[in-house]
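Here's the structure we're looking at; comments come further down.
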Amino acid sequence: FERYCKVLFERYKGKVKYWLTFNEINNMRRNPWYVGGILLQPGENKMQAIYQASHNMFVANAKAVKLCHEINPEAKIGVMCSLSNIYPYNCDPVAVFETQDVRRRALFFPDVMLRGYYPTYIYRLWKENDVHVNMEESDLDLIQRYRNEFLAFSYYRTTTHEAGQPYFGDTGGDIGTPNPYLETSEWGWQIDPLGFRYTLNELWDRYQVPLFPVENGLGAKDVVEEDGSIHDPYRIDYLRQHISAMKEAIRDGVEVMGYAYWGPIDIVGAGTFQMSKRYGFIYVDKDDFGR
């Protein structure tokens, strides 16, 4: 990975200023194959494999930060995480505490990569799940010295957590109980622009580094009219409301360094592997079977 990064940093020196090492690295906890190429074996301790691989990725990331600054001191490397949010379903203290635990599992990855050390809460999780991460003092020194400089993240939706509910999620974020106060897309993702502002404030308060929402969008079923036009006020409304919420977060004092919509052109979605779940404001004439 370090050699690969060296090739890229030298090739694009002076051309590319902002870099992300691993896409949605915190989805290792849900999709280790999708994020880290980790193929779990039958009977294997899943959490052991995930957190050992994650540690190796933290070390690789730190080496990339070091190398990047040596080759191009003006460049910056960020963390990229899936950070659609989750609320307690009600004021039951068990639901509130478990919701904090769910969120910590998502924030563990930027906690390490932005703060430079392992947070204390992770050691209890490891102990209770018989996880023993093999790490060297030199690893911890690298992670401490070469931290990331901004936080990029995806935000699509929010959900809620009830006491005792299993922890579960997909590429869009955690999955819990639907929120009765929110509208829901045709694919079951709830639309929450105020949650976007809430998330931006949460992350700024926690890390005090520039924030970069790099994925934010709405998957919907678009209908092509007889004249070839597509009317998608739902997508326009989603985009307008979320950009307005981001503007309010900036007024709150949050440092937002950029914004990227997912995605301008229709593609096959990673979550459902469908073309018919359309995000783009540029329509691609393909169906779910590639016709």
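The values are calculated or read from the model by the stated rules, or taken from the named source; none is laboratory data. Treat the numbers as computed from the prediction; the structure is a model and nothing was measured. Glycine gets a Cβ as well: all are built from the backbone with ideal geometry, and neighbour counts include every protein chain shown. Accessible surface is based on the protein model in full, side chains and every heavy atom, while ligands, DNA and RNA are left aside. Shrake-Rupley method; radii C 1.70, N 1.55, O 1.52, S 1.80 Å.
Quick check on my filter: what residues within the range 18-34 are at pLDDT 95 or above and out of contact with any helix residue (DSSP H, G or I) (no Cβ under 8 Å at 6 or more places or on another chain)?
If the condition is that a residue be at pLDDT 95 or above and out of contact with any helix residue (DSSP H, G or I) (no Cβ under 8 Å at 6 or more places or on another chain), then TYR18, LEU20 are the ones that fit.
Can you list residue pairs whose Cβ atoms sit under 6 Å apart, with the first residue in the range 131-147 being of a type outside the set (Lys, Arg) and modelled with pLDDT of 95 or more and the second being assigned to a loop (DSSP other than H, G, I, E, B) and open to solvent by less than 100 Å² (accessible area, probe 1.4 Å)? Count only pairs 6 or more apart in sequence or on different chains.
Filtered contacts from the range 131-147: ILE143/GLY116; GLN144/GLY116.
Hey, does the range 164-172 have a residue that's at pLDDT 95 or above and either exposed (fewer than 15 other Cβ atoms within 10 Å of the Cβ) or assigned to a loop (DSSP other than H, G, I, E, B) (or both)?
Among the residues of the range 164-172, at least one is at pLDDT 95 or above and either exposed (fewer than 15 other Cβ atoms within 10 Å of the Cβ) or assigned to a loop (DSSP other than H, G, I, E, B) (or both), which makes the answer yes.
Considering the range 222-251 alone, what residues qualify as being of a type in the set (D, E, K, R) and exposed (fewer than 13 other Cβ atoms within 10 Å of the Cβ)? Break it down stepwise before answering.
Of all residues in the range 222-251, those of a type in the set (D, E, K, R) come to 222, 225-227, 232, 235, 237, 240, 247-248, 251.
Scanning the range 222-251 gives GLU225, GLU226, ASP227, ARG240, LYS247, ARG251.
Can you name the residue in the range 1-55 that is of a type outside the set (D, E, K, R), touching a Gly at 6+ places or on another chain (Cβ under 6 Å) and in contact (Cβ under 8 Å) with a residue 60 or more places away in the chain and, of all such residues, is nearest to ASN148 (Cα to Cα)?
It comes out as LEU20.
Kindly provide the set of residues from the range 260-291 that are of a type in the set (Val, Ile, Thr) and more than 22 Å from the chain's Cα centre (by Cα), ordered by number.
To start, the set of residues in the range 260-291 that are of a type in the set (Val, Ile, Thr) comprises 265, 267-268, 272, 282, 284.
Within the range 260-291, ILE282, VAL284 qualify.
Considering only residues that are open to solvent by less than 10 Å² (accessible area, probe 1.4 Å) and either in contact with a Cys (Cβ under 6 Å, 6 or more places away or on another chain) or of a type outside the set (A, V, I, L, M, F, W, C) (or both), which ones fall in the range 74-86?
ALA75, ILE77, GLY78, SER82, SER84, ASN85
Might you let me know whether the range 188-201 holds any residue that is open to solvent by 10 Å² or more (accessible area, probe 1.4 Å), of a type in the set (Val, Ile, Thr) and modelled with pLDDT of 95 or more?
Yes, the range 188-201 contains a residue that is open to solvent by 10 Å² or more (accessible area, probe 1.4 Å), of a type in the set (Val, Ile, Thr) and modelled with pLDDT of 95 or more.
Just to verify a result, which residue in the range 173-210, among those that are part of a loop (DSSP other than H, G, I, E, B) and of a type in the set (Asp, Glu), is nearest to PHE150 (Cα to Cα)?
We begin by selecting, within the range 173-210, every residue part of a loop (DSSP other than H, G, I, E, B); these are 175-176, 178-182, 185-189, 192, 208-210.
Now restrict to residues that are of a type in the set (Asp, Glu): 186, 192.
On the way: GLU186: 33, ASP192: 24 Å.
For the range 173-210, the residue satisfying everything is ASP192.
Which one of LYS13, LYS6 is open to solvent by 50 Å² or more (accessible area, probe 1.4 Å) and not in a helix (DSSP H, G or I)? Steps first, please.
On the way: LYS6 fails: not in a helix (DSSP H, G or I).
None of the others qualify; the one that does is LYS13.
Could you count how many residues in the range 223-251 are among the charged types (D, E, K, R) and either at pLDDT below 95 or under 22 Å from the mean Cα position of the chain (by Cα) (or both)?
Going through the range 223-251, the residues among the charged types (D, E, K, R) turn out to be 225-227, 232, 235, 237, 240, 247-248, 251.
Now restrict to residues that are either at pLDDT below 95 or under 22 Å from the mean Cα position of the chain (by Cα) (or both): 235, 240, 247-248.
Going through the range 223-251 one residue at a time, the tally reaches 4.
Could you list all residues from the range 275-285 that are open to solvent by less than 50 Å² (accessible area, probe 1.4 Å) and assigned to a loop (DSSP other than H, G, I, E, B)?
MET275, SER276, LYS277, TYR279, GLY280, VAL284
Determine, yes or no, whether TYR89 is at negative phi, touching a His at 6+ places or on another chain (Cβ under 7 Å) and surrounded by 15 or more Cβ atoms within 10 Å (Cβ to Cβ). So that I can check it myself, show each step before the final result.
Details: at negative phi: yes; touching a His at 6+ places or on another chain (Cβ under 7 Å): yes; surrounded by 15 or more Cβ atoms within 10 Å (Cβ to Cβ): yes.
Judged against the criteria, TYR89 is a match.
If you check ARG157 against the conditions, is it open to solvent by 30 Å² or more (accessible area, probe 1.4 Å) and touching a residue at least 40 places away in the same chain (Cβ under 8 Å)?
No, not satisfied.
Six or more apart or on different chains, Cβ under 6 Å: which pairs go from a residue in the range 73-101 that's farther than 20 Å from GLU202 by Cα to one that's among the aliphatic types (A, V, I, L, M) and modelled with pLDDT of 95 or more? Could you list them?
ILE77/VAL65; ASP92/ALA163; VAL94/ALA163
Exactly one condition in (1) open to solvent by less than 10 Å² (accessible area, probe 1.4 Å); (2) within 17 Å of the chain's Cα centre (by Cα) is not met by CYS68; state its number.
Single failed check for CYS68: (2).
What pairs can you find where one residue is in the range 266-291 and on the phi > 0 side of the Ramachandran plot and in contact (Cβ under 8 Å) with a residue 60 or more places away in the chain, the other is open to solvent by 70 Å² or more (accessible area, probe 1.4 Å) and not in a loop (DSSP other than H, G, I, E, B), and their Cβ atoms are less than 8 Å apart, with a gap of 6+ or different chains?
Sorted first by the residue in the range 266-291, then by its partner, the list stays empty.
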